[in-house]
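The values are calculated or read from the model by the stated rules, or taken from the named source; none is laboratory data. Remember, predicted model here, so these are calculated numbers, not experimental data. Counting neighbours? That spans all protein chains shown, and the Cβs are built from the backbone with ideal geometry, glycine included.
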């Protein structure tokens, strides 16, 4: 299984926001510079994070993006779902409905992985990042 590059950038952007600037807005220019990605590309990911309620956008000369939710509550899963969505990674191609034993195994594995990602908070990494 593989997450998109957008998820990679979103996780890193959120880590930067939590570790370096939890209370002040950070410009898309600075974030793009830190991540080595284009502002346009990063803006699309940040818009998804805004829609998910993780960050908010502040307009104006000193505007940018800052955390909206309490940093202690933001999990890896929250960020991944904001970018990738919540649909299953596996869809059975055969028409036997919910009775597919293979899909049941994959869905169970996804649930277990989601539990781990939900338990891991971005703030845990931010503490290590600062240290």
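Say whether the condition of being part of a helix (DSSP H, G or I) and touching a helix residue (DSSP H, G or I) at 6+ places or on another chain (Cβ under 9 Å) is met by at least one residue in segment 92-104. Yes, some residue in segment 92-104 is part of a helix (DSSP H, G or I) and touching a helix residue (DSSP H, G or I) at 6+ places or on another chain (Cβ under 9 Å). Within segment 104-115, can one find any residue that is loosely packed, with under 11 Cβ neighbours inside 10 Å and within 14 Å of the chain's Cα centre (by Cα)? No, the conditions are met nowhere in segment 104-115. Taking segment 105-131 as the range and being part of a helix (DSSP H, G or I), within 22 Å of residue 5 (Cβ to Cβ) and at pLDDT 85 or above as the test, the residues that pass are 110, 113, 114, 116, 117, 122, 125, 126.
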